[in-house]
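What follows is a short report on a single structure.
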Amino acid sequence: MNDDQRRAAGMTQRRKVLGDAWVDKSLANKNAFNAEFVDLITRHAWGEIWTRPHFDARTRRVLVIGTMVALGQWDEFRLHVRAALTEGGFTPDDIKEILLQQAIYCGVPAANHAVKEAGAIVQELGLLKP
């Protein structure tokens, strides 16, 4: 696969995972400073990794959400939790199970913060059970 094919495959995958609205917003913010970075992640993260056949998109989403908890990368965590719930067919219970697992392997403080962040998204999307 050449760079143009990788870029096209990456953009397709990025839209599938994050949704058109998010990607359109991100592309609208592209400028001379960040354009090369956007191209890099489109080709490599989305075009190389997310398109690999071994793991399905659901498994990749679980891995990314868990990794963002472990790293404390809350902007990316919120992005991927929201995308999992709106684009990926995840339920709040799916997110809850990821966070319970991460509490053991990443620590309670990280998971505690993740529960707070994810809970706000679940509530905002109107998915909170009474």
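The values are calculated or read from the model by the stated rules, or taken from the named source; none is laboratory data. Not measured: the values here are computed from a predicted model. Here the Cβ positions follow ideal geometry from the backbone for every residue, glycine too, while neighbour counts run over all protein chains shown.
Would you mind stating whether Thr86 is hydroxyl-bearing (Ser, Thr, Tyr) and farther than 24 Å from Lys129 by Cβ?
Numbers: hydroxyl-bearing (Ser, Thr, Tyr): yes; farther than 24 Å from Lys129 by Cβ: no.
It is false that Thr86 is hydroxyl-bearing (Ser, Thr, Tyr) and farther than 24 Å from Lys129 by Cβ.
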Practice task
Go through the residues of the stretch 97-111 one by one and say whether even a single one is assigned to a loop (DSSP other than H, G, I, E, B) and outside the structural domain of Met1 (by TED's automatic domain parsing).
Solution key: yes
Problem - Among (1) part of a helix (DSSP H, G or I); (2) in contact with a Leu (Cβ under 7 Å, 6 or more places away or on another chain) - the single one Leu127 does not satisfy - result: (1)
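Name every residue in the stretch 30-54 that is in a loop (DSSP other than H, G, I, E, B) and either of a type in the set (Gly, Ala, Ser) or under 16 Å from Arg14 (Cα atoms) (or both), in order of residue number.
As a first pass, look at the stretch 30-54 and keep what is in a loop (DSSP other than H, G, I, E, B): 30-34, 50-54.
If the condition is that a residue be in a loop (DSSP other than H, G, I, E, B) and either of a type in the set (Gly, Ala, Ser) or under 16 Å from Arg14 (Cα atoms) (or both), then Lys30, Ala32, Trp50, Thr51, Arg52, Pro53 are the ones that fit.
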Exercise for the section: Give the residue that is nearest to Thr86 (Cα to Cα), with candidates limited to residues of the stretch 12-43 that are out of contact with any helix residue (DSSP H, G or I) (no Cβ under 8 Å at 6 or more places or on another chain) and either of a type in the set (Gly, Ala, Ser) or assigned by TED's automatic domain parsing to the domain that holds Thr86 (or both). Expected result: Ala21
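Picking from Thr59, Thr67, Thr86, Thr91, which residue would you name as being closer than 18 Å to Asp24 by Cα and out of contact with any Ser or Thr (no Cβ under 9 Å at 6 or more places or on another chain)?
Values: Thr59 fails: closer than 18 Å to Asp24 by Cα; Thr67 fails: closer than 18 Å to Asp24 by Cα; Thr91 fails: closer than 18 Å to Asp24 by Cα.
Being closer than 18 Å to Asp24 by Cα and out of contact with any Ser or Thr (no Cβ under 9 Å at 6 or more places or on another chain) holds for just one of Thr59, Thr67, Thr86, Thr91, which is Thr86.
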Handout entry: Filter result (surrounded by fewer than 13 Cβ atoms within 10 Å (Cβ to Cβ) and of a type in the set (Phe, Trp, Tyr)) within the stretch 32-85
Key = Phe33, Phe37
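So in the stretch 1-29, with the set limited to residues that are among the polar types (S, T, N, Q) and part of a helix (DSSP H, G or I), which one is surrounded by the fewest Cβ atoms within 10 Å (Cβ to Cβ)? Let's see the steps before the verdict.
First, pick out the residues of the stretch 1-29 that are among the polar types (S, T, N, Q): 2, 5, 12-13, 26, 29.
Filter again for part of a helix (DSSP H, G or I), leaving 5, 12-13, 26.
Numbers: Gln5: 11, Thr12: 14, Gln13: 20, Ser26: 16.
The qualifying residue surrounded by the fewest Cβ atoms within 10 Å (Cβ to Cβ) is Gln5.
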Completion exercise
Given (1) buried (at least 19 other Cβ atoms within 10 Å of the Cβ); (2) free of Cβ contacts under 8 Å to residues at least 40 places away in the same chain, Lys96 misses just (1)
